[in-house]
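The values are calculated or read from the model by the stated rules, or taken from the named source; none is laboratory data. What you see is a predicted model; the values in this text were computed from it and never measured. Note: ideal-geometry Cβ built from the backbone for every residue, glycine included; neighbour counts use all protein chains shown. What goes into the accessible areas is simple: the full protein's heavy atoms, side chains included, and nothing from ligands, DNA or RNA. Shrake-Rupley method; radii C 1.70, N 1.55, O 1.52, S 1.80 Å.
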There are 4 protein chains.
Amino acid sequence: MATTSDRIIRLQHVEVRVPDLELATAYYTEVLGLLETARDERDGAPRVFLKCWDEREHHSVILREAPTHGLDHMSFKLNEAADLDHFTAKLEAAGVPVKRFAARELGPGWGEAIRFDAPSGHLVELTHGTERIGNMLPKTNPPPRPQDLIGIAPPRLDHLFVMAEDVEAFTAFFTELLEFRLTEQILANDGHQLATFLEHSHTPHDIAVITGPNGALHHFAFWMDDWNGIREAADALAYHGVTIDVAPTRHGVTRGYTTYFFDPSGNRNELFTGGYWVDPDFEPITWTEEEMGRAIFYYHRQVNERFFTVHS
Amino acid sequence: MATTSDRIIRLQHVEVRVPDLELATAYYTEVLGLLETARDERDGAPRVFLKCWDEREHHSVILREAPTHGLDHMSFKLNEAADLDHFTAKLEAAGVPVKRFAARELGPGWGEAIRFDAPSGHLVELTHGTERIGNMLPKTNPPPRPQDLIGIAPPRLDHLFVMAEDVEAFTAFFTELLEFRLTEQILANDGHQLATFLEHSHTPHDIAVITGPNGALHHFAFWMDDWNGIREAADALAYHGVTIDVAPTRHGVTRGYTTYFFDPSGNRNELFTGGYWVDPDFEPITWTEEEMGRAIFYYHRQVNERFFTVHS
Amino acid sequence: MATTSDRIIRLQHVEVRVPDLELATAYYTEVLGLLETARDERDGAPRVFLKCWDEREHHSVILREAPTHGLDHMSFKLNEAADLDHFTAKLEAAGVPVKRFAARELGPGWGEAIRFDAPSGHLVELTHGTERIGNMLPKTNPPPRPQDLIGIAPPRLDHLFVMAEDVEAFTAFFTELLEFRLTEQILANDGHQLATFLEHSHTPHDIAVITGPNGALHHFAFWMDDWNGIREAADALAYHGVTIDVAPTRHGVTRGYTTYFFDPSGNRNELFTGGYWVDPDFEPITWTEEEMGRAIFYYHRQVNERFFTVHS
Amino acid sequence: MATTSDRIIRLQHVEVRVPDLELATAYYTEVLGLLETARDERDGAPRVFLKCWDEREHHSVILREAPTHGLDHMSFKLNEAADLDHFTAKLEAAGVPVKRFAARELGPGWGEAIRFDAPSGHLVELTHGTERIGNMLPKTNPPPRPQDLIGIAPPRLDHLFVMAEDVEAFTAFFTELLEFRLTEQILANDGHQLATFLEHSHTPHDIAVITGPNGALHHFAFWMDDWNGIREAADALAYHGVTIDVAPTRHGVTRGYTTYFFDPSGNRNELFTGGYWVDPDFEPITWTEEEMGRAIFYYHRQVNERFFTVHS
């Protein structure tokens, strides 16, 4: 019997490639304000592990030194260890090869995991048991926020936005095999999906996909608490000379508030807030091709050229 | 096998007693800005059904004419119809009598439901299949918010806060039988629970309970989008002469922003925003009795007398 | 003896040309939320008089039907009637012809006034005694804001931004003869002024000028209370299909928060907030030509083509 | 001839008494985030000079070691040196003894000054020529705010609120001799003034007075940029254990947003924002005695006992 219960909880982490690891680490820790939790070397490439201050687990962003920027893989958090078996069986039944890894096998603090390729060529991981190291607050009588944070300091990773040549195949894979639910879609005039937004966390999206090169990363996003925080972050980005791609504005899709900018390697980052609550029986919202501009940037009603052509 | 998957999604509705139904309806629709969706009469008492603008379902607040104010019952939304059987079996195995109702049997738009008493005497309902009537926006190319809303117009109901003589028994019932998770607790110096905060929706609380008379309602809360919205709402409340119990401030527990006020019948309402994301494996936060003031009202560090003594 | 006391208090009003008077009136009253206070016909052209809700005087924006859009004249409020004589003498001594008008001669509610041309060809008025009709609140026990405002409803007109071929001559005229103070300037690499910002009201600008066609209007701006209000206004503009020129962002010059958009005739409007306090002995801030992008739009560091080429 | 031009620009500084100078200095620099600019000793008492980051002049708060807390004197900034003579003549003609001090005679960075007693016994200073040392930003291509500020860091001092046995005599002195303008007043049922609000800076108040002991200080206030900043400041105050007198709320008088708290010596501080623009011909707003609660705290409609009884 089909169930709508969520075995996937949320986005666990992203691993991204950066040509200059020290420069990227300085940016993510000092400007964006993430915390470095570990370093290792894997497959000959040094890596830096980072987490946001309010995350309890060991890492949410991993930087891997590599010649080009881009996404190494995405990882989603599973509710239970048994969910690894559930998805392995489901994927293999659909002819998708799955590799399994023991806890800590993939790196420090890493959970037990399975990995497989999406139809778009993106490497996808599901994991359970990432080491819990606590957020930066005491568990007894905590203040609402540490007062000594550095930089923008978003509380947590929020979602991931990638590109695929075949958005419909990508979407079917994520909804049917990984049990994501569709919240919004942009449809071409001929009815095919140009972009889709998918969730498990009762928010507008944990992952989204738009038409583009297979395997490409459009951006990954951190949660901010409100519109005012987005503005203060833009002040800090401008002060530090970070290239701001899109100044604070609003999406039509998700209703969210946003600013886009680039890490020193050219990976696009987003700060995101807002959105709405999503029940499992949510009826998806559709945007037409004519209104794509408004769907993406609600105020300007136009998508800048960089949105479609600049990715990593 | 124990599971951490959520069969309960969120708070579905509250039914509250009001001595003057028309006055209460005017307040909830014109000042608070909910929408009236139906009226009926049940057990000889006329009722008004209300929903918030961004809710998709038929009702989230039901007003029932009655000699005194207070809570008739609370209702939580189930993921699937089969969850009605799951909880019926679990409750009956624990010796809790359960009554079952067909869809629409309890009122217009009402889902299939089971009802039972919590140890505190509160009537609890679990329901599935409340009629979906849509929010106030089109499903194609919607703006982020209707522009013609009246009053404060919170997008949705958020949580419920009740009182119980035995907080520990109440908490055990909700965590063990209804599978809620504990996020925060206030402990007396002797170690027993003075208040607990429980969730299924990955937020700090869907229901909370504090030491007090069995069956009492402390408040129910609507979600607001940000701190600025809380302030604008306080302006509207003051303008309309609503009694503001606690002006905009911050909780230590939940980290949330809040304002408390009373409906014309004396039921306490809250506007709430903020909070944090809760994973199912969240380790609870504990507040000590000495810090209860800061736990409740983070800025003043003192709880006003009304907080403990005024309820309905 | 030179004095730094302010005889000019602030911008009193702007009169702008609109080809479709009814369409413009609908926009300014229903979307922007100004109040219509009078209509008349002058020199064969029908006019509509408007004020913002918190302004006490009869008008701050006057719409004049005309074949093309643009600025008819700007008017500044004088402290005292005697200041009319002061400036008349000063202007005539400098060879500037001055015309004088009695109270109500120029239109309903109009103060006593003098008019003259700036070196850029802009018609400038100084006035005293505009009819006071009160804001929309009682003078006894007022709430902080009316609750029944329509549209965006900025509390007041803030400043004016025009274009001139010779920015230095314009600036000298306004500082030497009209006693404005320079707060900021953008200098070309050869040292000449590309843009200047001038004030009497202890804010970053009551009028500003940038290199462009003589007589041109770049925009006029209304005050908003904060960054959140700018965002909510952008929601309303987008909802009503208004062309948003620049979504909410921040200026480097003035530090202010802003959004630009166009009235139905093509006159650019701004909503502005922020800035800083200016003492009369304020030492001006200088922006270099290389940093002009950051001076105008602090986050994007680039000025869109429309900023320089679209005016009225 | 009567003039409405402003010879007084704004509040220049306050000098307050603190029993523990080092503790007070730590609080004002590390929690409130002011900058220490000088130290001296005068009349046997050591003093610390402080300024806010966006103030251009040498000091706005001076702490003087003394056995009890309270106000030593208030000082207002004059437009021109000649205004010292103007007010000396005016005060002496009214029988008020005036003492004159040369620049730097009263302390480091101090302007030329006159001093005299208000009818309430408060020592009042008018000054011109306080040393200008610049704000913390460059004068060429400045960012909108330094990124390395410590603590709350309000940009500037805003106003002062004192107590007087005879509010009407105090008000007459400030309006007739010092040319302040009345913006708002709270009237007793018999028509006499219980509190008045007076300005020169086109804001709701530069100084206010309420019925109480002669010579008493109720509070002095720093400007914050918006309601969100008030909330963030309250987080910082709570984090550092500062006693918050009134959590973020809104005044009816001035329409301003506020939070009150105490420095370690017991002097009440305020963070204030909002308000409205005041023309010199502003018609004062009156609050009745019955509505005093709403006038002071617009949301709670009640003034806490501390408001009237705790002062310094």
Would you pick out the residues in segment B:133-147 that are outside any loop (DSSP other than H, G, I, E, B) and touching a residue at least 60 places away in the same chain (Cβ under 8 Å)?
none
Subset of segment D:262-297 (residues that are aromatic (F, W, Y) and modelled with pLDDT of 95 or more)
D:F262, D:F272, D:Y276, D:W277, D:F282, D:W287
Going residue by residue through segment C:83-101, is there one that turns out to be within 22 Å of C:R47 (Cβ to Cβ), assigned to a strand (DSSP E or B) and open to solvent by less than 10 Å² (accessible area, probe 1.4 Å)?
no
How about segment B:39-66: which of its residues are on the phi > 0 side of the Ramachandran plot and part of a strand (DSSP E or B)?
none
Of these, D:T175, D:T130, which one is surrounded by 22 or more Cβ atoms within 10 Å (Cβ to Cβ), outside any strand (DSSP E or B) and touching a Lys or Arg at 6+ places or on another chain (Cβ under 8 Å)?
D:T130
Among what's in segment C:238-259 and is in contact with a Gly (Cβ under 8 Å, 6 or more places away or on another chain) and within 9 Å of chain A (Cβ to nearest Cβ), pick the residue that is surrounded by the most Cβ atoms within 10 Å (Cβ to Cβ).
C:Y257
When only residues in segment B:224-237 that are open to solvent by 10 Å² or more (accessible area, probe 1.4 Å) and more than 8 Å from every other protein chain (Cβ to nearest Cβ) count, which is farthest from B:Y298 (Cα to Cα)?
B:E232
Going by the conditions given, is A:G111 open to solvent by less than 30 Å² (accessible area, probe 1.4 Å) and at positive phi?
no
Quick one: how many residues across segment A:285-296 are open to solvent by 20 Å² or more (accessible area, probe 1.4 Å) and facing another protein chain (nearest Cβ under 8 Å)?
4
Would you point out the residue of segment D:297-312, among those that are away from chain B (no Cβ under 12 Å) and among the hydroxyl-bearing types (S, T, Y), that is surrounded by the fewest Cβ atoms within 10 Å (Cβ to Cβ)?
D:T309
D:P213 fails exactly one of the following numbered conditions: (1) surrounded by fewer than 23 Cβ atoms within 10 Å (Cβ to Cβ); (2) under 26 Å from C:T140 (Cβ atoms). What is the number of that condition?
(2)
What number of residues within segment B:263-289 satisfy the criterion of being touching a residue at least 40 places away in the same chain (Cβ under 8 Å), more than 28 Å from D:T258 (Cβ to Cβ) and charged (D, E, K, R)?
3
Please work out which residue is farthest from B:G229 (Cα to Cα), limiting yourself to segment B:260-284 and to residues that are open to solvent by less than 10 Å² (accessible area, probe 1.4 Å) and not aromatic (F, W, Y).
B:V278
Do we have any residue at all in segment B:26-46 that's touching a residue at least 12 places away in the same chain (Cβ under 8 Å), touching a Ser or Thr at 6+ places or on another chain (Cβ under 8 Å) and exposed (fewer than 15 other Cβ atoms within 10 Å of the Cβ)?
yes
Among the numbered criteria (1) open to solvent by less than 10 Å² (accessible area, probe 1.4 Å); (2) in contact with a Lys or Arg (Cβ under 6 Å, 6 or more places away or on another chain), which single criterion is violated by B:E55?
(1)
Six or more apart or on different chains, Cβ under 8 Å: which pairs go from a residue in segment A:111-129 that's under 15 Å from A:L177 (Cα atoms) to one that's β-branched (V, I, T) and part of a loop (DSSP other than H, G, I, E, B)? Could you list them?
A:I114/A:V98; A:R115/A:V98; A:F116/A:V96; A:F116/A:V98; A:D117/A:V96
